[in-house]
Every structure is written in structure tokens, then in C-alpha cells.
Amino acid sequence: MSAAWPTRLSGEQWPGESGAARGRSHAPEQNGQRGAITAEFAMVLPVAVVLMAMVLSLTHVVTTSMACQDAASSAVREVVVARVPAHGEQARNIASTAVAAVAGKDATATISEDGGLVTVHTQCPVVSGMSSVLPASVQGSASGASS
């Protein structure tokens, strides 16, 4: 057995419902607070946009820094494996090619050798719209023993 649910036809009222509530399209004003949410949103939105831009820019700086460090590691590995003197032109070409392949064509590399330890220092530009807050370039460094 199914129970019969009461239904309301258009224009009818439920018991206890007043006729004043019918046809109202919005809630009544509450102590002059109408539009307060819009004003608060207008105040918070620019702050949220600036914070989001800063987070994205900082993320870009961090990933560029990681790529710069990886480029230094790759360059020192290539120079050590090639078994060429670190102070020669061939080592500079190998290091520059490895750095450009990992960190991009604008990255630079310097190579040095001290007591059988080859060191590559890289510098990578950071393209950012917030240059007054974030660094313009990041650096990486890696060393490896030459044989």
C-alpha cells in the first residue's frame, strides 16, 4: 500500500502559509546588508589575483633553478666522460652545448678545474613580470672528478 502524498495545485497554499510570501523573488533586506557580499568579493578578488600571480612566478623561478642545477650536472658529466682538459676550448664547447640542451639557449656556463675536480657554474635567466620581487637569474653548480 502506498500512502497518498498531498499535492498542491498552482495558486493553492499549504496550511499555515500566508499569501504575502507568494511571488517574492528575493529575501528581504537584512539591516542594510544587501550587496555586502559583492563589496567583499570586490575587495578580496585583487588580492587573490596578486597572490596567484606571485605563486605562479615563484613556481617558475623554482623550476628554472632546478633546470639550471640539472644543466650544471649534465655539463660536468659530459666534460668528465669526454676526458678533455677543463681549461680547453673543447671542454667549454661541450659544457655550453650540454647547458643549452637542458636549460635553454640563454643559459651560460663557466668551467674550471682544481686538482682533478672539474666544476661547472651555470647562470640561467628568469623571465618574470615581477622582476622587482623575484630574481632576474638563478645559478647552478656541479663538480665531478676527472680521471
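Coordinate-derived values only; no laboratory data. Owing to the predicted nature of the structure, the values given are computational and were not obtained by experimental measurement.
Were the residues from residue 54 through residue 33 laid out at 0.36 nm apart, the gain over their Cα-Cα distance would be 4.3 nm. Across the stretch 37-145, Cα pairs under 8 Å and at least six residues apart give a relative contact order of 29 percent. Summarising the amide proton neighbourhood of residue 138: residues at separation of 5 or more, or on other chains, whose placed amide H is nearer than 5 Å comprise 124, 126.
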